[in-house]
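In what follows, a single structure is set out as structure tokens and then discussed.
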Amino acid sequence: MISQRQGALLASLIEEFIKTAEPVSSKLLEKSGFFDLSSATIRAEMNELEGCGYLAHLFTSSGRIPTDRAYRYYVDNVVSEKRKLKNEKYEWAIRDAIMEAGENPREINKAIAQTLSALSDNLVITGITEEDDFFKVGLSSLFEMPEFREFDRAFRLTSFFDEFEVLFNQIEKDFFDLPAEALAKEGDIKVFIGRENPVRNIRDETVILAKYNLPNDLTGSLTLIGPTRMDYAKNIGLIKYTTRELNRLSKEV
């Protein structure tokens with residue numbers, strides 16, 4: 001179990017890495033004014049976190065990067081406290097997309113995929129559980145990120161993207177039928193980070209999944225895929241707000 005100070009340091013390091021995709025050094029955290037600690041004290045805490053499996057040390061840099069375990073701590077203990085989206089611009093974009101789509105489940109899913117991909121810069125796939133009908137948006141946005149400059153990684157993700165419709169039933173089973181202890185603490189949203197993913201082709205990425213109600217007594221599914229270095233607070237907030245609005249709409253129809 002890490003200390004409160006180590007947890008706060010880890011959160012600061014993760015948020016810096018999310019912004020820059022560059023290893024984070026103790027000197028950088030010192031300059032940010034973290035707890036007014038010296039670089040040496042921060043470095044000692046980072047060494048402790050590395051020993052506990054929360055940080056990794058790249059040989060090409062003196063800085064550290066978060067591990068899957070660090071991101072899991074961040075999602076469960078930091079992001080869980082930020083339950084509201086807290087961005088009116090995003091809320092308006094989601095509400096407008098849903099309103100313009102009307103009551104057609106297919107048009108709603110199309111609008112949601114396009115809107116959430118644009119807001120998150122991640123890959124978003126929406127579907128109707130009762131039908132083989134999917135919208136997949138945002139693969140090109142992922143390829144602009146430094147994580148996907150490696151050919152093998154880009155190839156695996158592209159293969160998953162192309163095969164998603166064929167694999168959908170197995171993916172649904174893998175992600176939604178896992179034991180409770182394997183699921184994230186996000187209620188109706190499931191978060192799988194890196195090696196937690198049961199799907200082999202995307203074990204270097206984070207996958208966020210949710211289900212929601214659609215008109216005509218249909219059920220929608222939403223899959224957001226991005227690097228483990230994604231903005232978890234933003235993306236989980238986007239999905240929570242979207243599913244809440246869609247569930248509210250389905251009750252009114």
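Could you grab me the full set of residues in segment 31-56 that are without any contact (Cβ under 8 Å) to a residue 12 or more places away in the chain and within 24 Å of the chain's Cα centre (by Cα)? Explain how you work it out, then say what you get.
Applying the first criterion (without any contact (Cβ under 8 Å) to a residue 12 or more places away in the chain) to segment 31-56 yields 31, 33, 36-38, 41, 44, 47, 51, 56.
Ala56, the sole residue that qualifies.
Looking at segment 178-191, can you tell me whether even one residue there is modelled with pLDDT of 90 or more, within 21 Å of Phe161 (Cβ to Cβ), over 12 Å from the mean Cα position of the chain (by Cα) and not in a loop (DSSP other than H, G, I, E, B)?
Step one: of segment 178-191, the residues modelled with pLDDT of 90 or more are 191.
From what is left, the residues that are within 21 Å of Phe161 (Cβ to Cβ) are 191.
Those still in the list that are over 12 Å from the mean Cα position of the chain (by Cα) too: none.
The answer is no, given that none of the residues of segment 178-191 is modelled with pLDDT of 90 or more, within 21 Å of Phe161 (Cβ to Cβ), over 12 Å from the mean Cα position of the chain (by Cα) and not in a loop (DSSP other than H, G, I, E, B).
What are the residues in segment 205-226 that are out of contact with any Ser or Thr (no Cβ under 7 Å at 6 or more places or on another chain) and either of a type in the set (A, V, I, L, M, F, W, C) or in contact (Cβ under 8 Å) with a residue 12 or more places away in the chain (or both), if any? Working first, answer last.
Step one: of segment 205-226, the residues out of contact with any Ser or Thr (no Cβ under 7 Å at 6 or more places or on another chain) are 208, 216-218, 223, 225.
Selection gives Ile208, Asn216, Leu218, Thr223, Ile225.
Output the number of residues of segment 201-253 satisfying the condition of being in a strand (DSSP E or B) and farther than 17 Å from Thr115 by Cβ. Talk me through it step by step, then tell me what you get.
Initially, segment 201-253 is screened for residues in a strand (DSSP E or B), giving 205-214, 218-227.
After this cut, where a residue has to be farther than 17 Å from Thr115 by Cβ as well, the list is 205-207, 209, 211, 213, 218-219, 227.
Counting residues in segment 201-253 that are in a strand (DSSP E or B) and farther than 17 Å from Thr115 by Cβ gives 9.
May I ask you to say which residue of Asp121, Asp133 is surrounded by 13 or more Cβ atoms within 10 Å (Cβ to Cβ), in the same structural domain as Gly226 (by TED's automatic domain parsing), more than 25 Å from Asp231 (Cα to Cα) and not small (Gly, Ala, Ser)?
Working: Asp121 fails: more than 25 Å from Asp231 (Cα to Cα).
Asp133 is the lone residue from the list that is surrounded by 13 or more Cβ atoms within 10 Å (Cβ to Cβ), in the same structural domain as Gly226 (by TED's automatic domain parsing), more than 25 Å from Asp231 (Cα to Cα) and not small (Gly, Ala, Ser).
Consider Arg95 carefully, then state whether it is under 28 Å from Asp204 (Cα atoms), at pLDDT 90 or above and among the basic types (Lys, Arg).
Values: under 28 Å from Asp204 (Cα atoms): no; at pLDDT 90 or above: yes; among the basic types (Lys, Arg): yes.
Answer is no for this residue.
Just give me the residues in segment 16-30 being part of a helix (DSSP H, G or I), within 25 Å of the chain's Cα centre (by Cα) and either surrounded by fewer than 17 Cβ atoms within 10 Å (Cβ to Cβ) or touching a residue at least 60 places away in the same chain (Cβ under 8 Å) (or both), in sequence order.
The answer is Phe17, Ile18, Lys19, Thr20.
The values are calculated or read from the model by the stated rules, or taken from the named source; none is laboratory data. Treat the numbers as computed from the prediction; the structure is a model and nothing was measured. Note that we place each Cβ from the backbone using ideal geometry, even for glycine, and neighbour counts take in every protein chain shown.
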